[in-house]
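Worksheet for the structure shown next.
The values are calculated or read from the model by the stated rules, or taken from the named source; none is laboratory data. Keep in mind the model is a prediction, meaning the values are calculated, not measured. Cβ placement follows ideal geometry from the backbone for every residue including glycine, while neighbour counts extend to all protein chains displayed. Remember, those area values only see protein heavy atoms, side chains included, never the ligands or the DNA or RNA. Shrake-Rupley method; radii C 1.70, N 1.55, O 1.52, S 1.80 Å.
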Amino acid sequence: MESLVNIFVRSVFIDNMIFAYFLGMCSYLAVSKTVRTSMGLGVAVTFVLVITVPVNFLLEQYVLKKGALVWLSDSFATLDISFLSFIMFIAVIASIVQLVEMVIEKFSPSLYNSLGIFLPLIAVNCAILGASLFMQEREYANIGEATAFGLGSGIGWWLAIVALAAIREKMRYSNVPAPLRGLGITFILTGLMGMAFMSFLGITL
Amino acid sequence: MGKVEKVSLLSAKNKKLLKNPLGIENPVTVQVLGICSALAVTVKMKPAIVMAISVTVVVALSNMIISLIRKSIPGRIRIIVQLVVIATLVIIVDQFLKAFAFDVSKQLSVFVGLIITNCILMGRLEAFAMSSDPWPSFLDGIGNGAGYGLILIIVSFFREFLGSGTVLGYPVMEKLGVYNFGYEDNGMMILPPMALIILGLIIWFQRARNKSLIETS
């Protein structure tokens, strides 16, 4: 139990997807103009991460890893098909995103419309595939840890995008030098927020 | 099909495809594509250069392949078809790096895999390759890969030079002897947030010189 909380807190604050690894920057920059839409995208990303990371964990454990197919037949004990993990992970992610898209369209058409093109683009959001690849690289012990990591990463991403959107809403009233307006100042803002988040590095878990 | 276009392989139009992404249509600073990996791999120049080459190869080839089969892809499932093509190419690049440049491959860690979800790829496929012939698509891929690589190399140069005092691993600052005068490397440069700030400054510089890029809002 303790290790689950550790992994969760770590992935929200210390290994934050945006501030430590810059994953999912494209939609992060494009959708963070208002707090409302960024809330919606944050929820969608968290939801997709909570499903895809455990599913990909099972895939890794029972299909891709070296000797993982041993439950099928003993002759597969030395088979290692982990080089196929990119294509398998992305297939799982693309189909789950499709599912989420249909669910949101059914239950919240207004959110669906405001997310627009960015919902299908979650499939190519680096944060989602990145989380699965980090899960593979860090070799989490069981599905509980993988889920905690997925949830934590999603919430960390959510937190980051809502915080940036709130700042950008206020930025409209400030006098930014013309060439820096828009994209430039957003990068510098994110950098400053990242420095603030780095103060969490001191926490030992 | 039908009409055979009489354009030379490097006509003025095609040259533009190669040149524009380096400047006024840069994928990173103007189109806002592919930021994710642009920042994470720029602590040192060597991984940045390897990453730039890998992305260029994947963009150029996937652009060309998708352009070749664009007429037989059903519209509804095009994203998954594109992802399969890209993922296959990325697997090849990944295996190649693991075989011939293992240390760099370890440094890049998950970011080679993340080329799949690099927005430059999807962006260029959707915006260009789905509606153009193979050769221009190939050039467009090379151009955008190079534009991306240019930003990567500029950012990584400053981060490595100011952060570790080296250029491509060569200890420039030490050879200049500036450490004797009390100079110290700026540890902040190695940390992730500085990459964002350097990129912000590059955008500022570019837009200050090219007023047409300034956002009005």
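Just checking, which of A:T186, A:T190 is in contact with a Lys or Arg (Cβ under 8 Å, 6 or more places away or on another chain), on the phi < 0 side of the Ramachandran plot and within 14 Å of chain B (Cβ to nearest Cβ)? Step through it out loud before you land on a result.
Working: A:T190 fails: in contact with a Lys or Arg (Cβ under 8 Å, 6 or more places away or on another chain).
From the options A:T186, A:T190, the qualifying one is A:T186.
Is it true that A:Y28 is without any contact (Cβ under 8 Å) to a residue 24 or more places away in the chain, assigned to a helix (DSSP H, G or I) and either away from chain B (no Cβ under 14 Å) or crowded, with 24+ Cβ neighbours inside 10 Å (or both)?
Working: without any contact (Cβ under 8 Å) to a residue 24 or more places away in the chain: no; assigned to a helix (DSSP H, G or I): yes; either away from chain B (no Cβ under 14 Å) or crowded, with 24+ Cβ neighbours inside 10 Å (or both): yes.
The answer is no for A:Y28.
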- prompt: Which of the residues that make up the range A:92-112 are farther than 17 Å from A:V50 by Cβ and polar (S, T, N, Q)?
  reply: A:S108, A:S110
task: State yes or no: is B:V110 modelled with pLDDT under 80 and open to solvent by less than 20 Å² (accessible area, probe 1.4 Å)?
output: yes
- prompt: Considering B:G163, B:G182, B:G169, which residue is surrounded by 15 or more Cβ atoms within 10 Å (Cβ to Cβ) and among the small types (G, A, S)?
  reply: B:G163
- prompt: Do we find that A:I87 is within 13 Å of chain B (Cβ to nearest Cβ), open to solvent by less than 60 Å² (accessible area, probe 1.4 Å) and over 16 Å from the mean Cα position of the chain (by Cα) in this structure?
  reply: yes
task: Scan the range B:56-78 and give yes if some residue there is within 14 Å of chain A (Cβ to nearest Cβ), of a type in the set (D, E, K, R) and out of contact with any Ser or Thr (no Cβ under 8 Å at 6 or more places or on another chain), otherwise no.
output: yes
message: Suppose we filter A:V55, A:V43 for residues that are without any contact (Cβ under 8 Å) to a residue 60 or more places away in the chain, part of a helix (DSSP H, G or I) and away from chain B (no Cβ under 14 Å); which single one remains?
response: A:V55
- prompt: Looking only at helices (runs of 4 or more DSSP H) that fall completely inside the range B:90-200, which ones have 2 or more residues that are more than 14 Å from every other protein chain (Cβ to nearest Cβ)?
  reply: B:102-108, B:134-164, B:172-176
statement: The one condition A:E137 fails out of (1) away from chain B (no Cβ under 14 Å); (2) within 22 Å of A:F22 (Cβ to Cβ); (3) of a type in the set (D, E) is (1)
message: Any residue that is open to solvent by less than 10 Å² (accessible area, probe 1.4 Å) and part of a loop (DSSP other than H, G, I, E, B) - is there at least one of those in the range B:55-77?
response: no
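Does B:A87 satisfy the criteria of being farther than 22 Å from B:I197 by Cα, hydrophobic (A, V, I, L, M, F, W, C) and facing another protein chain (nearest Cβ under 10 Å)?
yes
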- request: Just give me the residues in the range B:18-44 being closer than 19 Å to B:Q107 by Cβ, open to solvent by 20 Å² or more (accessible area, probe 1.4 Å) and either among the aliphatic types (A, V, I, L, M) or assigned to a helix (DSSP H, G or I) (or both), in sequence order.
  value: B:A40, B:V43
